[in-house]
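What follows is a single structure, written as structure tokens, with notes after it.
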Amino acid sequence: MHEMSLCEGVLTVLEDAAKAQGFKKVKKVWLEIGVLSGVEHEAMLFSYEVVVRGSVADGSTLEIIELPAQAWCMQCMNKVEITGRGEPCPSCDSYQLQISSGDELRIKELEVE
Amino acid sequence: MCTVCGCSEGETTIEGAAHSHGHDHEHSHDHSHDHAHPHTHETHSHDHEHHHHDDKTHDYGQGPAHAHAPGLSQSRMVQIEQDILGKNNQYANENRSYFAEHGILALNLVSSPGSGKTTLLTKSLTDLQSELALSVIEGDQQTANDADRIRETGVKALQINTGKGCHLDAHMVGHAMEPLAPEDKSVLFIENVGNLVCPAAFDLGEAHKVAILSVTEGEDKPLKYPDMFFAADLMILNKIDLLPYLDFDVEKCMDYARRVNPSIKIIQVSATTGEGMETWYQWIKATQQITMIGYQPKLTSVDSDAQAA
């Protein structure tokens, strides 16, 4: 359940942004989460609701945008898309992959008022 | 510029002035687009996008506000693009500079509960303390039992109880530095909370994560918890003295670990019998030597005065 800590991280960013940009209420938050980031979406949504209670983001909705993972296959010498760690290259079955993206954990944008 | 649809005053004038939201955002298009734009909507791709490139294309979504919530007054969009772990990473970088400044090799030991992490650690401390300066941070949800076990070896240790937390974070480790005061050129072991999931995501500023897996667990653990084995640079396969009594395929386990992380190094040990421990110590010593490359002890004011004179 490190999703709880992650949501606390999100809230810190929201509170800092509220101060810096002078908004009073967060209505919606868009997160970009890579498929390899080890984050359980359901747990994230649950934790978010709990963590933001009574804060600037109380009652706001969380939208998760899942980002795919890319890797460089050293056998094919090609960029391939994978859906998990420990998975082989989808075209040649080699495990010699250099993962280049998919572990993103980013707050993309907010709807505020 | 209007933050709902991205149009600018004066930039877009539409015949018939149907665009009458007057920039107080009181308009209420309902996106079925039945409001009275008199111009023809020939190139209308209507998926929530509205931006007046010309008077024929409305593109909701290109403006700063994307109009995710058209018609809602006062709402605005804020592009933020910030890493959720940004704060933790910032603390981790501070820890990393602290370690570099003091020539400290920090190792983050991660495993599931019951892998024999503390036994491996106490054995290592006992064997290494005559050669290296050592200190330990112990992370557990509750009790100071582990720190007590460590202190029995004579090595200084600090317990962090995370309470409900399932992992150590960089901020906790930073705070531990002052009371623990690890010596310059020492090795600091950070024994994380027994958990193969959460600690993977939290950088503590360590040089390496070391994953400890015991042969009493499943050989497919690297596949089940790939994030951790990906994040680790070294895997220690512990309790190998029990292999004769178990149905554990070492080759398969190592193969699984390399599937997840082709560059992971693997050492097989038994903390109880001592088998393989020498290889682990060599790894620590070699890694510590690498940490020391480029390390310059900070001159104290007395030293610099002496140099100046």
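The values are calculated or read from the model by the stated rules, or taken from the named source; none is laboratory data. No experiment lies behind these values; they were computed from the predicted model shown. So basically every Cβ, Gly included, is an ideal-geometry build from the backbone, and we count neighbours across all protein chains shown. Each accessible area value is taken on the protein alone, full model and side chains, heavy atoms only, with ligands, DNA and RNA left out. Shrake-Rupley method; radii C 1.70, N 1.55, O 1.52, S 1.80 Å.
Per the listing A:V39, A:V50, A:V13, the residue uniquely touching a residue at least 40 places away in the same chain (Cβ under 8 Å), facing another protein chain (nearest Cβ under 10 Å) and more than 27 Å from A:T83 (Cβ to Cβ) is A:V13. For A:S94, the requirement of being within 12 Å of chain B (Cβ to nearest Cβ) and under 22 Å from A:M4 (Cβ atoms) is not met.
One residue stands out among those in the stretch B:194-227 that are at pLDDT 95 or above and in contact with a Pro (Cβ under 9 Å, 6 or more places away or on another chain): the one that is farthest from B:H167 (Cα to Cα), which is B:L213. Note on the stretch B:199-309: enclosed helices (runs of 4 or more DSSP H) holding 1 or more residues that are among the aromatic types (F, W, Y) and assigned by TED's automatic domain parsing to the domain that holds B:L121 are B:226-231, B:250-260, B:277-292.
Scanning the stretch B:169-182 for residues that are touching a residue at least 60 places away in the same chain (Cβ under 8 Å) and either under 15 Å from the mean Cα position of the chain (by Cα) or open to solvent by 20 Å² or more (accessible area, probe 1.4 Å) (or both) returns B:D169, B:A170, B:H171, B:V173, B:G174. B:Q159 falls short on exactly one of the conditions (1) part of a strand (DSSP E or B); (2) under 15 Å from the mean Cα position of the chain (by Cα), and that condition is (2). Return yes when A:G22 is within 11 Å of chain B (Cβ to nearest Cβ), farther than 23 Å from B:Y225 by Cα and open to solvent by less than 70 Å² (accessible area, probe 1.4 Å) and no when it is not. Judged against the criteria, A:G22 is a match. Would you say A:V51 is touching an Asp or Glu at 6+ places or on another chain (Cβ under 6 Å), open to solvent by less than 50 Å² (accessible area, probe 1.4 Å) and under 28 Å from B:G194 (Cα atoms)? Taking the combined requirement at face value, the residue satisfies it. Picking from A:G34, A:G84, which residue would you name as being touching a residue at least 12 places away in the same chain (Cβ under 8 Å), surrounded by 15 or more Cβ atoms within 10 Å (Cβ to Cβ), closer than 21 Å to B:P222 by Cα and within 14 Å of chain B (Cβ to nearest Cβ)? None of the others qualify; the one that does is A:G34. Close Cβ contacts (under 7 Å, 6 or more residues apart or on different chains) running from residues in the stretch B:207-229 that are more than 9 Å from every other protein chain (Cβ to nearest Cβ) and free of Cβ contacts under 8 Å to residues at least 60 places away in the same chain to residues that are surrounded by 24 or more Cβ atoms within 10 Å (Cβ to Cβ) and in a strand (DSSP E or B) comprise B:V215/B:L237. For the stretch A:97-113, taking the residues that are more than 7 Å from chain B (Cβ to nearest Cβ) and in contact with a Ser or Thr (Cβ under 9 Å, 6 or more places away or on another chain), the one that is farthest from B:Y256 (Cα to Cα) is identified as A:E104. Scanning the stretch B:123-149 for residues that are part of a helix (DSSP H, G or I), open to solvent by less than 40 Å² (accessible area, probe 1.4 Å) and modelled with pLDDT under 95 gives B:D146, B:A147.
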